[in-house]
1. Output the peptides A:64-73, A:89-98 sorted from most to least packed, where packing is the average of other Cβ atoms within 10 Å over each peptide's residues.
2. Let me check I've understood the local charge: for residue B:104, count other residues with C-beta under 14 angstrom from its C-beta, Lys and Arg +1, Asp and Glu -1. What total comes out?
3. Under 21 Å between alpha carbons, and skipping anything fewer than 8 positions from residue A:189 in its own chain: which lysines qualify?
4. How far is residue B:186 from itself in the other copies, in nm, if each label sits 7 Å out from Cα along the Cα-Cβ line, shortest first?
5. Kirkwood Rh over Cα pairs of region A:127-206 into Stokes-Einstein at 10 °C, 1.306 mPa s: D in µm²/s?
6. Expressed as an acute angle from 0 to 90° and rounded to the nearest 10, what is the orientation of the C-alpha long axis of helix A:127-137 relative to the principal long axis of chain A?
7. So with the 1.4 Å probe, I'd like the accessible area per residue for region A:118-268, rounded to whole Å².
8. Per residue, what volume in Å³ does the convex hull of the Cα atoms of region A:73-120 enclose?
There are 2 protein chains.
Amino acid sequence: MSSPFDILAETEPGGRRGQLHLPHRTVQTPVFMPVGTAGTVKAVPQDTLESLGAEIILGNTYHLYLRPGHELIRRLGGLHRFISWPRAMLTDSGGFQVFSLSALRKVSDEGVRFRSHLDGSSHFFTPEHSMDVQIALGADICMAFDECTEYPADRSRAEESLRLTMAWARRSLSHFRAHRGEAPWTDPKGCCMQCFGIVQGGMYTDLRRQCAERLVEMDFDGYAIGGLSVGEPRALTLEMIAEVLPLLPKDKPRYVMGVGYPDEIEQYARMGVDMMDCVLPTRAARHGLLFTSEGRLNIKAKRYSEDQSPPDPACGCPVCRRYTRAYLRHLMQAGEPLSAILNTVHNLAYYLGIMERVRNSLQETSRPAAKISVL
Amino acid sequence: MSSPFDILAETEPGGRRGQLHLPHRTVQTPVFMPVGTAGTVKAVPQDTLESLGAEIILGNTYHLYLRPGHELIRRLGGLHRFISWPRAMLTDSGGFQVFSLSALRKVSDEGVRFRSHLDGSSHFFTPEHSMDVQIALGADICMAFDECTEYPADRSRAEESLRLTMAWARRSLSHFRAHRGEAPWTDPKGCCMQCFGIVQGGMYTDLRRQCAERLVEMDFDGYAIGGLSVGEPRALTLEMIAEVLPLLPKDKPRYVMGVGYPDEIEQYARMGVDMMDCVLPTRAARHGLLFTSEGRLNIKAKRYSEDQSPPDPACGCPVCRRYTRAYLRHLMQAGEPLSAILNTVHNLAYYLGIMERVRNSLQETSRPAAKISVL
């Protein structure tokens, strides 16, 4: 089989236009991945996601492990089949959710004991268990189990967290390699599930470098930069990404987790980030915040009550083609379920549209990729 | 202009296959009308409603008057334009909601004073005001302002309620006729807004007869049977409908308000009811109750947790074609917004499908309509 990641074009600042060949889809990169926490991108039916052009969505290992359970999903043929999503899917490792959602947790070298946010029941996650769960779900891309360093964290805390993340990365990859053949589906193209490592290190550039170098030695299928968008100033996010990107192999996909605002995802994509995910477009939508070519629009505001223009006059999405700001405001005021649906569809269309424009622009302004790929 | 209601075929038991020519749509009858209380059929985007074949939906005068306000909707071109629904729409008079939703109300011959369920503010509805609001909304069909008799009600209470309903019907119609030209839209076909009277009378057949006869003298565009499905046994609902139907003019549409279960709407349609509406398919959907060819299905039940069959194996709706009971159960358990969307789409498809089958069957088993229409 050819390389799972083809770079079609590259630009001087490092931006890449690529194709990521996954078992369920060849994904055009740079790509934004809508978040489908509990096996659904909140408030959007799968056929709508398809028509918006989403090629890969996220699933959350922590949530799906707790409900409905990974063994149930395995028995039903894996997550793609369970939720009827034939395109690509990535699952996070559960690490971030354990750290951000679970009230009681206890970390040891072996793993993390935590209590469910649903019923308080006690659970133990190890790197091996996280991989088992992700393989049972059958994602196209599994993420190594990591410890997300909180912000702010002092140096000794960041070092300790990094030590765990690197040890767990090695165990994750080793377990993944031994069990990757146990996916609940067979891929007709012969593509394999992939496993990505996650660069941590808090906001310490030397720790980030150290982590990146060690993970690259382990030879993951791709590399993520985690522990960002955890409350730090945006300049620091950018600094960490700029520090780490050059250390990652050019021929592997690079994924920045949990970002960001529309201008951020465009900026990072132009710097050479191939994949991003964020709850922002979907979560903000449910709170009435729309992203538009004219900036952010709080659809709850009184001034939109008789505004007959579309949410974004420059947008060609199904919501902007059909509905007015006045109607979207009314739906939000009335607490109608259609509010979340329409707001989310627009925001996702906007995010996916940004990535499409960036891909086109990377292709147009690129140097021939062949010259670059030997660097 | 030709008659606004054409009967295409009739059957021996009284069932009719017709066409109701309304300003925004020629509606095939018998028809089930999904309820769109606050300017949206809860959890269903308008394009989905269209693709399910909905030809006419309801709006609630009481809700839209309170929020966002009928004058706002008038300024924005009427309800069709406000919610982007180009097909037909019917508005109730607000009477039923005032009686069922408003904690404080005071009824006089002049009208009803009530407090908003939203903010407790005081409002006064008269027949004239109800018609003004409905004309501002610009529905294809406006309903006369009535007093819905509660169940059970003793005879003197039912008589008093009926007296009000008949006086208000006359005032509603007279005001409607004087102002029907003030719709916020102009119909290119030259069709006019219509006004329907509502037969009340509690569960007393002689009062029902008396009401029907008086309303028919007033010459409404169509006739509704109201005050049913208010807690009475189903045999009584049927008795009232069977009593009233023969008293209504054959050449005008007949509408039974607020019914019913799938077998009920089929039964009433075969008896000669042309229009029905009910919150049941949409409301039940949000509580996990699905209507199927195999009966009612409570999708929350544990026994569906690994059931890979579609909600209704005999249904060809977009939900049954794509999703499993196991997934719908998971969505419900997880409290996901997609749950309400998919459940509602299925239930509406099921209801609309029943009416389509009934229409086809009425056409097939009919006597030639020409022989009947002279009776």
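The values are calculated or read from the model by the stated rules, or taken from the named source; none is laboratory data. Predicted model only: the values in this text are computed from it and were never measured. Positions of Cβ are backbone-derived with ideal geometry, glycine not excepted, and every protein chain shown enters the neighbour counts. Side chains included, ligands, DNA and RNA excluded: accessible areas come from the protein's heavy atoms. Shrake-Rupley method; radii C 1.70, N 1.55, O 1.52, S 1.80 Å.
1. Numbers: A:64-73: 20.5, A:89-98: 26.1.
Peptide ranking by packing, descending: A:89-98, A:64-73.
2. Values: positive: B:105, B:106, B:113, B:115; negative: B:119.
With Lys, Arg at +1 and Asp, Glu at -1, the neighbours total +3.
3. Qualifying lysines at Cα under 21 Å: A:252.
4. Relative to the other copies, residue B:186 has label-point distances of 6.8 nm.
5. Numbers: Rh = 13.5 Å.
The Stokes-Einstein estimate is 117 µm²/s.
6. So the helix axis and the longest Cα principal axis differ by about 50 degrees.
7. Details: 5490 Å² over 151 residues.
With the other protein chains kept in place, region A:118-268 gives 36 Å² per residue.
8. Per-residue hull volume (Cα only) is 119 Å³.
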